[in-house]
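Written below as structure tokens is the structure these notes are about.
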Amino acid sequence: MNKPLITACLMCTATAVAAADLQEMGDMSKEMVARAVTHYQQVGREQAEKDFNHKTEEWYADKYFLHMFAMNVDGTVWADNVWPEFIGTDFTAAAGFDGFEFGHDIIANTPQGGEVYQVQLKFMNPESGDLTPSVGSCVRADAQNILCSWANG
């Protein structure tokens, strides 16, 4: 499988984004992923995949570039409504500048039972080339699939 073009580093580095912005990014991503889990459970994987891969008002917001992302527990991406080129790639290969495998971390640490696992990192935006903070909120929708909503500063 192809490696994702995403690179990131942990938020332990200095950032220009205020703590209040990071909190809002986290809150917005948690709210979206909670709606996504409910939707997934109502319509099933096939329809959710179609829905999450479109930039509709429900699954995308301009503020913080808030968007949906989903993968199998083996790391294969099946939804990304901002960067469709990541679909089919192996997200376990996503690593930070320090070598931290945040893709593997999400898979290993997102608990069963609907609890949110949140990740904060620095994200190299492939469109702008800028290093920006990113907050991802991830939930296991079922035993085989992880849904995430990402917000970028």
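The values are calculated or read from the model by the stated rules, or taken from the named source; none is laboratory data. Please read all numbers here as calculations on a predicted model, not as lab measurements. Neighbour counts run over all protein chains shown; Cβ positions are idealised from the backbone, glycine included.
For a quick check of your reading of the model, give me the residue pairs whose first member lies in the range 18-41 and is in contact (Cβ under 8 Å) with a residue 12 or more places away in the chain, whose second is in a helix (DSSP H, G or I) and of a type in the set (A, V, I, L, M, F, W, C), with beta-carbon atoms closer than 8 Å and at least 6 apart or on different chains.
Close Cβ pairs satisfying both conditions: ALA36/ALA48; ALA36/PHE52; HIS39/ALA48; TYR40/ALA48.
Tell me which of these PHE123 doesn't satisfy, since it passes every other one: (1) in a strand (DSSP E or B); (2) at pLDDT below 85; (3) over 13 Å from the mean Cα position of the chain (by Cα).
The failed condition is (3).
Go through the range 103-153 residue by residue and tally those that are aliphatic (A, V, I, L, M), more than 23 Å from TYR40 (Cα to Cα) and out of contact with any Leu (no Cβ under 7 Å at 6 or more places or on another chain).
Total meeting the criteria: 1.
Considering only the range 50-74, how many residues are more than 21 Å from GLN112 (Cβ to Cβ) and either assigned to a helix (DSSP H, G or I) or aliphatic (A, V, I, L, M) (or both)?
Matching residues across the range 50-74 total 7.
Count, please, the residues in the range 74-96 that happen to be within 16 Å of ALA48 (Cα to Cα) and in contact with a helix residue (DSSP H, G or I) (Cβ under 8 Å, 6 or more places away or on another chain).
Number of matching residues: 7.
Anything in the range 43-71 that is out of contact with any strand residue (DSSP E or B) (no Cβ under 6 Å at 6 or more places or on another chain), closer than 26 Å to GLY153 by Cα and surrounded by fewer than 17 Cβ atoms within 10 Å (Cβ to Cβ)? List them, or say none.
Matches in the range 43-71: HIS54, LYS55, THR56, GLU57, GLU58, ALA61, ASP62, LYS63.
Here is a check on your reading of the model: is VAL82 within 23 Å of GLN144 (Cα to Cα), in a strand (DSSP E or B), among the hydrophobic types (A, V, I, L, M, F, W, C) and in contact with a Phe, Trp or Tyr (Cβ under 9 Å, 6 or more places away or on another chain)?
It is false that VAL82 is within 23 Å of GLN144 (Cα to Cα), in a strand (DSSP E or B), among the hydrophobic types (A, V, I, L, M, F, W, C) and in contact with a Phe, Trp or Tyr (Cβ under 9 Å, 6 or more places away or on another chain).
Would you point out which residue out of GLY114, GLY103 is surrounded by fewer than 15 Cβ atoms within 10 Å (Cβ to Cβ) and either outside any strand (DSSP E or B) or in contact (Cβ under 8 Å) with a residue 12 or more places away in the chain (or both)?
GLY114
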